[in-house]
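Worksheet for the structure shown next.
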Amino acid sequence: MKRLLLLPLLLAACDSPAPAMMGAEATQVSIDNTSFTVRVRGNRAEAIRLNTMAFPTIGEVYPNALAAMEQASGCTVIEDTLRGDQAVMRADLAC
């Protein structure tokens, strides 16, 4: 029974922002069948991938995360600032 109670907490943690993004409005964006929650604060953006992918590579996720951040923010991602992994990517924006 205790395990069933922990499941919602574990699932909620999947979309938890970095401390710097806490309180920022979350926008849901889908790019090429990849779903993200994007948060923007000032000139920074964070994209958290929501859907499962079988062994995703950074090369598969990178362009979609970049496009999701640009769509949600209305700004251009400064490409050499894009960092992260297959689950969470962060970047600076030029607005």
If we keep only residues of the range 1-50 that are at pLDDT 95 or above, in a loop (DSSP other than H, G, I, E, B) and in contact with a strand residue (DSSP E or B) (Cβ under 6 Å, 6 or more places away or on another chain), then the residue nearest to Pro63 (Cα to Cα) is Leu50
When you scan the range 41-52, how many residues do you find that are surrounded by fewer than 19 Cβ atoms within 10 Å (Cβ to Cβ) and either closer than 17 Å to Ala18 by Cα or more than 14 Å from the chain's Cα centre (by Cα) (or both)?
5
When you go through Ala65, Ala47, Ala54 one by one, which is the residue that is in contact (Cβ under 8 Å) with a residue 40 or more places away in the chain and at negative phi?
Ala47
For the range 53-71, indicate whether the set of residues that are exposed (fewer than 13 other Cβ atoms within 10 Å of the Cβ) and at pLDDT 95 or above is non-empty.
no
Please go through the range 60-82 and give me each residue that is under 14 Å from Met21 (Cβ atoms) and not hydrophobic (A, V, I, L, M, F, W, C), ordered by number.
Ser73
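The values are calculated or read from the model by the stated rules, or taken from the named source; none is laboratory data. Note that this is a predicted model, so its numbers are computed, not measured. Positions of Cβ are backbone-derived with ideal geometry, glycine not excepted, and every protein chain shown enters the neighbour counts.
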